[in-house]
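The values are calculated or read from the model by the stated rules, or taken from the named source; none is laboratory data. No experiment lies behind these values; they were computed from the predicted model shown. No Cβ is skipped: glycine too gets one built from the backbone with ideal geometry, and neighbour counts run over all protein chains shown.
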Amino acid sequence: MNTALSKPAILTISGLTAGYGDVQVLWGIDLVVPQGEIVSIVGPNGAGKTTLLLAISGLVRSRLGSIVFDGEDITAQNPDRIVGKRLIHVPEGRRLFPTLSVRDNLMLGAYSRTDGAAEIARDLDFVFSIFPILAERADQVATTMSGGEQQMCAIGRGIMARPKLLLIDELSLGLAPKAVELLAESLVTINMRGISILLVEQDVMTAFEIASTGYVVESGRVRMSGDTRTLIEDPSVKAAYMGL
Ligand code: ATP
């Protein structure tokens, strides 16, 4: 039994369809992130994983279905309001501000917070504790760092927004195995602080090792979902995504 699924949900997506212009990408997605859990989405290129995260953040308009976050229907809300509810997106490609230092990039994550400088400083300390290299490089222009360090900065910026739920798109894209391992461990530490995580990830082993629940999305539909320990042993998952 997947005990995670008996917990209350921080995010519930029901029958979600979305796309771009005439192109429909998502065809009725149902997905739940239980409170305090890590949930991973895997699937081939073009399956619609990024589109799903964009729809959750309000950056792509949903056509049908609903998205309920922290007890509130956020389906038709604009991205700023969704960020205000502390649903925070770490986008594919990191999107750091190229002229700004690591510290300034991190602090941009906190721009809409109203809980005071002491709390913000506490979270900055937390980011520096999980990613000590960011403290060492605090004054360096963020985009001059390695890909793995930039991903740390992007995740750190997400934490600075004090998320209840962190959406992370392609944690490992273009990174060396060692960096991926470090980042995956950091997500577990972040999750232990009570932050729920919805992760889109190409590396199925990494994705399913750190998550309690997994989803396999293909052609805009959920093909399989459940306990990651079960999914990881599934012959069709092994054959399609692990080359086994
Ligand atoms: P990848 O792993 O390659 O990033 P993905 O599963 O995240 O893939 P999406 O990026 O969501 O998939 O893309 C799903 C489909 O939507 C693809 O066919 C893509 O070409 C299409 N698509 C994505 N962005 C746009 C856009 N802005 N306009 C039109 N079509 C788009």
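Brief remarks follow.
Here's the yes/no breakdown for (1) under 24 Å from Asp70 (Cα atoms); (2) surrounded by fewer than 22 Cβ atoms within 10 Å (Cβ to Cβ):
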{"site": "Pro132", "(1), (2)": "no, yes"}
{"site": "Ala135", "(1), (2)": "no, yes"}
{"site": "Leu173", "(1), (2)": "no, yes"}
{"site": "Val180", "(1), (2)": "no, yes"}
{"site": "Met192", "(1), (2)": "yes, yes"}
{"site": "Leu198", "(1), (2)": "yes, no"}
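- Within region 88-130, being within 27 Å of Phe69 (Cα to Cα) and in a strand (DSSP E or B) holds for Ile88, His89, Val90.
- When restricted to residues that are away from the ligand (no atom under 16 Å from the Cβ), at pLDDT 95 or above and closer than 18 Å to Ala211 by Cβ, region 1-16 contains 4.
- Restricting attention to region 98-107, the residues being touching a Lys or Arg at 6+ places or on another chain (Cβ under 6 Å) and surrounded by fewer than 16 Cβ atoms within 10 Å (Cβ to Cβ) number 0.
- Listed conditions (1) outside any helix (DSSP H, G or I); (2) touching a Lys or Arg at 6+ places or on another chain (Cβ under 7 Å); (3) without any contact (Cβ under 8 Å) to a residue 60 or more places away in the chain are all met by Pro163, apart from (3).
- Looking at Glu218, Glu233, just one residue is acidic (Asp, Glu) and in contact with a Gly (Cβ under 8 Å, 6 or more places away or on another chain), and that residue is Glu218.
- Residues in region 180-210 that are within 13 Å of Leu166 (Cβ to Cβ), within 13 Å of the ligand (Cβ to nearest atom) and β-branched (Val, Ile, Thr): Val200 only.
- Qualifying residue in region 230-240 (condition: in contact with a Leu (Cβ under 7 Å, 6 or more places away or on another chain), surrounded by 19 or more Cβ atoms within 10 Å (Cβ to Cβ) and among the charged types (D, E, K, R)): no
- Residues (over 26 Å from Gly46 (Cα atoms) and hydrophobic (A, V, I, L, M, F, W, C)) located in region 154-201: Ile159, Met160, Ala161, Leu182, Val188, Ile190, Met192, Ile195
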